[in-house]
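The values are calculated or read from the model by the stated rules, or taken from the named source; none is laboratory data. As the structure is a computational prediction, the values presented were derived from the model and not from experiment. Here Cβ is always computed from backbone atoms with ideal geometry, including for glycine, and neighbour counts include all displayed protein chains. The protein model used for the area step is the full one, side chains on, heavy atoms only, and it has no ligands, DNA or RNA in it. Shrake-Rupley method; radii C 1.70, N 1.55, O 1.52, S 1.80 Å.
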Amino acid sequence: MSTDDRRKHRILMVSDFFYPNFGGVENHIYYLSQCLINLGHKVVVATHAYGNRSGVRYMTGGLKVYYVPWRPFVMQNTFPTIYGLLPIIRTILIRERITVVHGHQAFSTFCHETLMHARTMGYKVVFTDHSLYGFADAGSIHMNKVLQFTLADVTQAICVSHTSKENTVLRSGLPPDKVFVIPNAVDTPMFTPPAVDCPRRLEEIVIVVISRLVYRKGVDLLVEVIPQVCRLHSNVRFIVGGDGAKRVRLEEMREKHSLQDRVEMLGAVPHAQVRSVLIRGHIFLNSSLTEAFCIAILEAASCGLLTVSTRVGGVPEVLPDDMVVLAEPDPSDMVYAIEKAIHMLPKIDPQVMHNRVRELYDWNDVAKRTEIVYDRALKCSDQNLLERLSRYNLNITNST
């Protein structure tokens, strides 16, 4: 089917997480929107206000963003009001003549409320889940109840990995045939290896960590792994980029083991400067305890770094076996994996790795596959109020 023959959609992307905030969800929404615009679709983004950034703004490619004057409550999430967003969301849907509403991230209250109101008004809705959640702790139990209610009426759903799909289906009760797997991608022209005339020297090996320094990202593992690696290899140095509640633990570790000259703490790194940090290293270390996909691994591989990562969630699906060394989330196993990666380094060609990532992951491919999900959503039959209420009741009954 040619580009001209494709059905053109008018899409509203909704989430609490968008620029100027930085993260995987924010990048996903932005790059997907830009590629959908290039395919001829109309894309509008709705999110909450960030500081003084309120009202309507335009971004590259004519991407229109509504920064709704709704302040975040906790962790960039707006306070759940159920009906508080209805008037402004209704205005946006009608004004922009939206045909498909696409919500992102399970713990975005802005997303959940918008999807509910959109379905009430008869719009087709698609939901993308970007994270993995458990089933036992209090927070996960509460979140899963909300997800079961919200997704009881979703038209189609997307997950970023097969592990994420299995997790979402179990948590939400969605039929598996309504859930599609479309991975993330990376902007490879932005993440390129160093110039060929600047070869990387292996006399000193640099291991790079770029992550939010929080519990979920395995900072406690890093605190135990880094001193062991430094003790075993005198020519290894670490660069740690990122900020968060667990940063103080890394700084305490550096002081305790007198590693100030071997562990460089950069603090928060703007996304535009991530490449300049990555190309200083040889190995990228990811210590996440849970991860649905992990775009950071793709960015590092695109820059030619060999990756060492914990074997959790959807991480094993991201790269071929010869581009990543996987380890259990255990300090001794991670140290062994880093040693294995160090011995593999002489065989690694950064330019070859970059070319392989470019062939494997492309945002244009993600957009085309998402376009198919939109087409399928629009072909789904409309449901009357009684059918919708019966589905809500069924999900609530099953969850109890």
Among the residues of region 236-253, is any farther than 26 Å from F18 by Cα, in a loop (DSSP other than H, G, I, E, B) and out of contact with any helix residue (DSSP H, G or I) (no Cβ under 8 Å at 6 or more places or on another chain)?
no
Flag if L345 is hydrophobic (A, V, I, L, M, F, W, C) and open to solvent by 10 Å² or more (accessible area, probe 1.4 Å)
yes
For M265, all conditions in the list (1) open to solvent by 40 Å² or more (accessible area, probe 1.4 Å); (2) outside any helix (DSSP H, G or I) hold save one; what is the number of the exception?
(1)
Kindly indicate the residue of region 189-199 that is modelled with pLDDT under 75 and hydrophobic (A, V, I, L, M, F, W, C) and also least open to solvent (accessible area, probe 1.4 Å) among those meeting that condition.
C198
Residues that are surrounded by 13 or more Cβ atoms within 10 Å (Cβ to Cβ) and of a type outside the set (A, V, I, L, M), drawn from region 80-94:
P80, G84, R90
Please work out which one of (1) in contact with a His (Cβ under 7 Å, 6 or more places away or on another chain); (2) buried (at least 19 other Cβ atoms within 10 Å of the Cβ); (3) β-branched (V, I, T); (4) within 23 Å of H48 (Cα to Cα) is the condition V146 fails and give its number.
(2)
Residue list for region 132-143, restricted to those being open to solvent by less than 50 Å² (accessible area, probe 1.4 Å) and either assigned to a loop (DSSP other than H, G, I, E, B) or not assigned by the TED database to the domain that holds F107 (or both):
L132, Y133, G134
By residue number, the members of region 232-268 that are touching a residue at least 24 places away in the same chain (Cβ under 8 Å), closer than 20 Å to L345 by Cβ and not β-branched (V, I, T) are L232, H233, N235, R237, F238, R262, E264
Region 149-185: number of residues that are open to solvent by less than 10 Å² (accessible area, probe 1.4 Å), at pLDDT below 90 and of a type in the set (G, A, S)
2
Filter region 30-61 down to the residues that are of a type in the set (K, R) and either out of contact with any Lys or Arg (no Cβ under 7 Å at 6 or more places or on another chain) or without any contact (Cβ under 8 Å) to a residue 12 or more places away in the chain (or both) and list them by number.
R53, R57
List the number of the failed condition for L202; all other conditions in (1) surrounded by fewer than 17 Cβ atoms within 10 Å (Cβ to Cβ); (2) within 17 Å of the chain's Cα centre (by Cα) hold.
(2)
Among (1) over 30 Å from R231 (Cα atoms); (2) hydroxyl-bearing (S, T, Y); (3) open to solvent by 50 Å² or more (accessible area, probe 1.4 Å), Y374 falls short only on (3)
Please go through region 62-76 and give me each residue that is modelled with pLDDT under 90 and either part of a loop (DSSP other than H, G, I, E, B) or more than 24 Å from A106 (Cα to Cα) (or both), ordered by number.
W70, R71, M75, Q76
